[in-house]
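Scroll down for the structure; my scribbles are underneath it.
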Amino acid sequence: MIRKLIVLVALVFVLAACSSPPTSGTVEAKRYEASYTYYISTCVAYQTISGIMSCSVYVPFPMTEPEHWQLQLHNQESDKTGWRDVDPTTYRQYQTGDDYPQETDHG
């Protein structure tokens, strides 16, 4: 079960990486995800019974995902929509319906 979940999560990341989000557009939504920790069981000892090797000791291995902030952008010219990672300051600066980036973002 855990192995299937890991494969599914990896597949989602691979598919998401195939298409980059737009670099500009209208902010359609905002998403904040807090930092969290999850555990993956890792085999650290094996035993062989009747010539078949199997895991005899599993140890939980913590994985931590940092907090992150995203804006969902829709670019009307390319008709492309996607989530763009931004820093906390940028996240607070934009509201739904705003154009991203604003002219003041260019310096």
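The values are calculated or read from the model by the stated rules, or taken from the named source; none is laboratory data. All of these numbers come straight from a predicted model, not from anything done at the bench. All Cβ positions, glycine included, derive from the backbone under ideal geometry; neighbour counts span all protein chains shown. For the accessible areas, the whole protein counts, side chains as well, though only heavy atoms, and no ligand, DNA or RNA atoms are used. Shrake-Rupley method; radii C 1.70, N 1.55, O 1.52, S 1.80 Å.
Assorted remarks:
- Within the range 26-60, the residues that satisfy the criterion of being under 16 Å from Leu71 (Cβ atoms) and out of contact with any Gly (no Cβ under 9 Å at 6 or more places or on another chain) are Ala29, Lys30, Arg31, Tyr32, Glu33.
- Only listed residue being modelled with pLDDT under 90, of a type in the set (Val, Ile, Thr) and open to solvent by 80 Å² or more (accessible area, probe 1.4 Å), chosen from Val44, Val7: Val7
- Within the range 46-76, the set of residues being more than 30 Å from Thr96 (Cα to Cα) and within 30 Å of the chain's Cα centre (by Cα) comprises Tyr58, Val59, Pro60, Phe61, Pro62, Met63.
- Among residues of the range 29-47 that are free of Cβ contacts under 8 Å to residues at least 40 places away in the same chain, those with a Cβ under 7 angstrom from a residue that is open to solvent by 60 Å² or more (accessible area, probe 1.4 Å) and not in a strand (DSSP E or B), sequence gap 6+ or separate chain, pair up as Glu33/Glu67; Ala34/Glu67; Ser35/Pro66; Ser35/Glu67; Ser41/Ile2.
- Considering the range 48-90, and only residues there that are of a type in the set (Phe, Trp, Tyr) and without any contact (Cβ under 8 Å) to a residue 60 or more places away in the chain, the residue that is most open to solvent (accessible area, probe 1.4 Å) turns out to be Tyr58.
This table checks each residue for (1) within 18 Å of Ser20 (Cα to Cα); (2) assigned to a strand (DSSP E or B).
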residue: Ile40; (1), (2): no, yes
residue: Val44; (1), (2): no, yes
residue: Met53; (1), (2): no, yes
residue: Val57; (1), (2): no, yes
residue: Leu71; (1), (2): yes, yes
residue: Thr81; (1), (2): yes, yes
residue: Asp85; (1), (2): yes, yes
residue: Arg92; (1), (2): no, no
